[in-house]
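Only one structure is covered here, and it is reproduced in the block below.
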Amino acid sequence: MDQFTKDLTKTLLSNGDVKELFRQQLETAINRILQAELTALLGYDPYDRCGFNSGNSRNGQYYRLIDSEYGKLKIAVPRDVRAIFITTCFQPILVVRTL
């Protein structure tokens, strides 16, 4: 059995909240996909020596709360130094401020 099956079985046997389990799994999956997208863009894994002085590298992350049918998801959107990373997982939020 994989870890998700074990967690689901444990939740069902303990009369836990299956919706919360799905929310956690979805949040984890989206965050891993975002990290994989940035890795594909940069061409190297985190902490890989070939990324040193490559001209573009990871530059932290920012957080977004996204509503889903399972509840709010805390998504860590990664950044790169040259700010060319744009995810395909969801539409970016455009904030227009007027003074």
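The values are calculated or read from the model by the stated rules, or taken from the named source; none is laboratory data. It should be emphasised that the depicted structure is a prediction, and the values quoted were computed from it without experimental measurement. Every residue, glycine among them, receives a Cβ derived from its backbone with ideal geometry; neighbour counts consider all protein chains shown.
State whether one or more residues within segment 41-56 are polar (S, T, N, Q) and touching a strand residue (DSSP E or B) at 6+ places or on another chain (Cβ under 8 Å). Among the residues of segment 41-56, at least one is polar (S, T, N, Q) and touching a strand residue (DSSP E or B) at 6+ places or on another chain (Cβ under 8 Å), which makes the answer yes. Asp67 fulfils the conditions (1) closer than 30 Å to Lys10 by Cα; (2) touching a Cys at 6+ places or on another chain (Cβ under 7 Å); (3) at pLDDT below 90 except for a single criterion, (2). Pairing each residue of segment 62-79 that is more than 20 Å from Thr39 (Cα to Cα) with any residue that is of a type in the set (Asp, Glu) and not in a strand (DSSP E or B), provided the two are 6+ apart or on different chains, yields C-beta distances under 7 Å for Leu73/Glu27; Lys74/Glu27.
Yes/no per residue for (1) in a helix (DSSP H, G or I); (2) closer than 30 Å to Thr5 by Cβ; (3) of a type in the set (S, T, N, Q):
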{"residue": "Gln24", "(1), (2), (3)": "yes, yes, yes"}
{"residue": "Ala29", "(1), (2), (3)": "yes, yes, no"}
{"residue": "Tyr44", "(1), (2), (3)": "no, no, no"}
{"residue": "Ser54", "(1), (2), (3)": "no, no, yes"}
{"residue": "Tyr62", "(1), (2), (3)": "no, no, no"}
{"residue": "Ile66", "(1), (2), (3)": "no, yes, no"}
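I want to confirm something. Restricting to segment 23-47 and keeping residues that are surrounded by 13 or more Cβ atoms within 10 Å (Cβ to Cβ) and charged (D, E, K, R), which single residue is farthest from Ala83 (Cα to Cα)? Ranking the qualifying residues of segment 23-47, first place goes to Arg23.
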